[in-house]
Each structure stands twice: as C-alpha cells, then as structure tokens.
1. Add -39500 (n - 2.57) for each DSSP H run of 4 or more in the chain, then divide by its residues: what number comes out at 222 nm, to the nearest 500 deg cm²/dmol?
2. Under 5 Å between amide H atoms, partner at least 5 residues away or on a different chain: which partners does Ala43 have, H built in plane at 1.01 Å?
3. Across the range 170-271, what fraction of all alpha-carbon pairs, as a whole percent, falls in each successive 10 Å bin from zero upward?
4. What length, rounded to one decimal in nm, is gained on full extension from Tyr75 through to Arg269, with 0.36 nm per residue of separation minus their alpha-carbon distance?
5. For Thr207, put the label point 7 Å out on the Cα→Cβ axis and report which residues of the range 19-34 keep their amide N under 16 Å from it.
6. What is the ratio of the Cα radius of gyration of the chain to 2.2 N^0.38 Å, where N is its residue count, to two decimals?
7. Rank by packing, highest mean first: peptides 148-161, 248-261, 23-36, 94-107, with packing defined as the count of other Cβ atoms within 10 Å averaged across residues.
8. Could you go through the range 255-271 in sequence order and give the Karplus-derived ³J(HN,Hα) for each residue, using 6.51 cos²θ - 1.76 cosθ + 1.60 with θ = phi - 60°, rounded to whole Hz, and x for Gly and Pro?
Amino acid sequence: MKHAILDNMKTFVIANQKGGVGKTTTTINLSAALAEKGKKVLAVDLDPQANLSSGVGFTQQYSKDSWKSTDQAPYPNIYNVLIEGLPLENVCAETSTKNLSIVPSHLSLAGAEIEMVNMISREMLLKNALSTVSDSYDYALIDCPPSLGLLTINALSAADRLLIPIQCEYFALEGLGQLIETTKLIKSVNPNLTIGGVILTMYDSRTKLSENVVADVKSFFHELAFDTTVPRNVRLSEAPSYGKTIIQYDDKSTGAAAYRSLAEEFLQRFD
Ligand SMILES: Nc1ncnc2c1ncn2[C@@H]1O[C@H](COP(=O)(O)OP(=O)(O)OP(=O)(O)O)[C@@H](O)[C@H]1O
Ligand SMILES: [Mg+2]
C-alpha cells in the first residue's frame, strides 16, 4: 500500500463532505500532537468558515467585525494565494504551539470556487502553492469544507493521502461512496492519491450505536481504520473557543490522549 512520496513534505487532506464530523477538530489536534512529537507541521485552512484559523487562536488578534466580514480580510490568507497568486510563504503564520504553523482562511474564500472556474489549472492551484514550501515542513494537513466543490478538489489534487473522519452516528457511511468516487476521478491529475486512513470520531462508549458504527466501518475499510477512536469529549468542543489546541487546553483530557495516540499511529504508518 505504501508509495514512495517524492517531496520532503507529506501532504494529507482531511475530507468528508458531511458536515460536523470532526474534520477541523482532527486537523487541529492531530497537527498539534504531531508538532508535540517534534514534527514541523503546516495546517492549511481551506474552509471559508475559517474554524481552524480561529480554533488555533489565529483570528483572535483581529476584531470580529474585520475577520468575520465578507469584505477584504485583515490578514493575508489562502484566498490571496489561490486567486491572486500571493506566495504561500507570505501567508504561513506561526501559532502558539511550537512547530505548528497555519495557512489561515477567511470568509472571502466563499467566493473563490466561482472565481476559480475560469482559471487555468484551477484544480492544481493549491498543489502548486504547497510545492513552494515543501522544504519547510514535514507534514501538511489540509482541512476541507463540507462539500466536494473545487476547494476540496484542490486539496485532493494536492495530497498524497486522504484521511476521512467518520462520526459515530446514524448514517455515518452515507455519502462516502461519492467521496471515494471523487478520489478515483482525481487520480487522473493526482495518481499518487490513496486513502491513508479512516478516523472514528465522537465515540460514545455508553451507546451501542457507536460500537455498531465502529464495527461497520472496520468491516468496510478493514485495516485502513485507525485503531484509535476519538471519544466524545466536551473538552475537545470547548478548546477552540479559547483558541487553543486540546494539548494546550487540557493536556490530561481523554481528547488529548486520543489525538496523541492517533499521532503515534499516524507516524507508524507514514513517517
Ligand atoms: N470528539 C469530540 N467530542 C466532542 N465534541 C466534538 C468532538 N469532535 C468534534 N466536536 C465538536 O463537534 C462539532 C463539529 O466538529 P468539527 O467542527 O471538527 O467538524 P467539521 O467536520 O470540521 O465540521 P464542518 O463540516 O462544519 O467543517 C464542533 O462543535 C466540535 O467542537
Ligand atoms: Mg470544519
């Protein structure tokens, strides 16, 4: 299953077109746990909702009026890179977590998919931008919006591996067929792309349902499912409102333990 990955930086896309399954929580906290283990990580916010950017505390330095308005963003961001050709390195920002940098997003990215339609190599814009910083990081993790539009297509085109978070809920597997089909189509522009793993999120040990979803996912994805399941943990949902990763917010929480364990498995698979 392993392919040689040519660039120094290994790029992962965290995608599932279903909303609220834990894409952003996983991108932030897996990135933070990898950074804690000494890896240089670039977390890329490709969602106009910019939850990753606020979740790591980046947007807090700006007034809500300015960073939440649809007007010009108060900071350079991924929109300027994809649509205006600003060099990616001008946008990468360090965070309060050592070894963790981000590429911030902004609501103005919401218009980008329409603006991209007539651009040359419109699905390769992110890949081309990331290639300019591939010497500076060990891993790039790209957080996607809940859709299979051109932004997600750009992320799939840029990545070596797809990581799919799946919420332990009813209809967990719904829509995954479409994501897998899209991944196959992307192979024409990105032959490298394979599914790197499936992450079960918001596991509730009190319910039979969570157990059933884990069993279903494991029987469908086999060894692609990570052994680590992320429990439902209120600390994980509180941390972003303080602009903190789970490791900064509550080092001893079950959420922190889960993302550390996931990072270990991740490194066993990909390092
Ligand atoms: N393991 C968890 N335990 C408790 N709450 C969680 C957990 N994972 C995520 N959440 C919460 O669930 C909500 C959805 O999570 P998140 O934003 O990570 O999903 P998403 O897939 O990025 O959503 P979207 O599709 O809107 O981008 C958030 O409020 C988040 O704080
Ligand atoms: Mg999200």
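Laboratory data are not the source of any read-out in this text; all were calculated from the coordinates shown. Note that this is a predicted model, so its numbers are computed, not measured. Virtual Cβ from ideal backbone geometry, glycine too; neighbours counted across all protein chains shown.
1. Helix-only estimate at 222 nm: -10500 deg cm²/dmol.
2. Here Ser101, Ile102, Val103, Leu141 satisfy the definition.
3. Distribution as computed: 13, 36, 35, 15, 1 percent.
4. 66.3 nm
5. Under cut-off, by backbone N: 19-22.
6. 0.94
7. 23-36, 148-161, 94-107, 248-261
8. Taking θ as phi minus 60°, the curve returns x, 5, 4, 5, 6, 5, 5, 4, 4, 5, 4, 4, 5, 4, 6, 10, 6 Hz for the range 255-271.
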